[in-house]
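To keep things clear, I will list the structure first and then write my remarks on it.
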Amino acid sequence: MASGQVMDKVVSESIVISAPAADIFELLATPAKHKDFDGSATVKGMLSGPDRLFLGAKFGMSMKMGVPYRITNEVIEFEDGKSIAWRHIGKHEWRYSLEALEPGVTRVTEYFDYTRSRSPLMLELMRAPKRNRVAIETTLKNLKSYFENK
């Protein structure tokens, strides 16, 4: 796991995975599979949306953080095989960037960006940046395991 950062309301971590960027991106672009690698233990399943995400796509997820809830996300960044990001009504964002280091080897960086959040102080009081760092680390380890332990 690469050393992560918290800079100006952005939490990020990176990991190197022995898999092609295109394969990793395909998993990230498939919301029905998000629960398979989610490190936060809050994603319970997909409720609505396309099979494969695209710029502007909206997708609803069943979540649970103490109590069950539903959230609708919108894809705000999409560069096939390289980056994908979404946000919900709170305006904080989740982003994945993929960098092919060599054939079949990819650096994946996940970001939690609350720069544009409607309630950054509330997120900080709830310790969301710290909790999300732990969740990101676990998510990246889960992605690595998904591709390397088949």
### Task
Take the stretch 49-69 and flag every residue that is exposed (fewer than 14 other Cβ atoms within 10 Å of the Cβ) and farther than 18 Å from Glu26 by Cα.
Lys64, Met65, Gly66, Val67, Pro68, Tyr69
#### Entry: Selection from the stretch 77-105 of residues that are touching a residue at least 24 places away in the same chain (Cβ under 8 Å) and farther than 30 Å from Met122 by Cβ
Asp80, Gly81, Lys82, Leu98, Glu99, Ala100, Leu101, Pro103, Gly104, Val105
### Task
Could you please give the count of residues in the stretch 82-137 that are touching a His at 6+ places or on another chain (Cβ under 7 Å) and among the hydroxyl-bearing types (Ser, Thr, Tyr)?
2
### Summary
Sole miss for Leu53 among (1) touching a strand residue (DSSP E or B) at 6+ places or on another chain (Cβ under 9 Å); (2) more than 28 Å from Arg107 (Cβ to Cβ); (3) not hydroxyl-bearing (Ser, Thr, Tyr) is condition (2)
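Scan the stretch 22-53 for residues that are among the acidic types (Asp, Glu) and either farther than 27 Å from Val67 by Cβ or assigned to a loop (DSSP other than H, G, I, E, B) (or both) and jot them down.
Within the stretch 22-53, the first condition is being among the acidic types (Asp, Glu), and the residues that meet it are 23, 26, 36, 38, 51.
Once the filter is applied, which keeps residues that are among the acidic types (Asp, Glu) and either farther than 27 Å from Val67 by Cβ or assigned to a loop (DSSP other than H, G, I, E, B) (or both), the stretch 22-53 yields Asp23, Glu26, Asp38, Asp51.
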### Looking only at the stretch 1-34, and only at residues there that are charged (D, E, K, R) and either at pLDDT 95 or above or in contact with a Leu (Cβ under 8 Å, 6 or more places away or on another chain) (or both), the one that is nearest to Glu102 (Cα to Cα)
Asp23
### Query
Within the stretch 44-57, can one find any residue that is under 23 Å from Lys150 (Cβ atoms), of a type outside the set (D, E, K, R) and touching a residue at least 40 places away in the same chain (Cβ under 8 Å)?
no
#### Entry: Single match in Asp23, Asp36 (criterion: farther than 22 Å from Arg127 by Cβ, of a type in the set (Asp, Glu) and under 14 Å from the mean Cα position of the chain (by Cα))
Asp36
### Top-ranked residue of the stretch 78-94 - restricted to ones that are among the aliphatic types (A, V, I, L, M) and in contact with a strand residue (DSSP E or B) (Cβ under 6 Å, 6 or more places away or on another chain), ranked as surrounded by the fewest Cβ atoms within 10 Å (Cβ to Cβ)
Ala85
### All positions within the stretch 95-119 that are crowded, with 18+ Cβ neighbours inside 10 Å and over 16 Å from Lys144 (Cα atoms)
Arg95, Tyr111, Phe112, Asp113, Tyr114, Ser117
### Task
Working only within the stretch 130-150, note down all residues that are surrounded by fewer than 17 Cβ atoms within 10 Å (Cβ to Cβ) and more than 10 Å from Phe37 (Cα to Cα).
Lys130, Arg131, Val134, Glu137, Glu148, Asn149, Lys150
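The values are calculated or read from the model by the stated rules, or taken from the named source; none is laboratory data. Just so we're clear, the structure is a prediction, and the values are computed from it rather than from any experiment. Methodologically, a virtual Cβ is constructed for each residue, glycine included, from the backbone with ideal geometry; neighbour enumeration extends over all protein chains shown.
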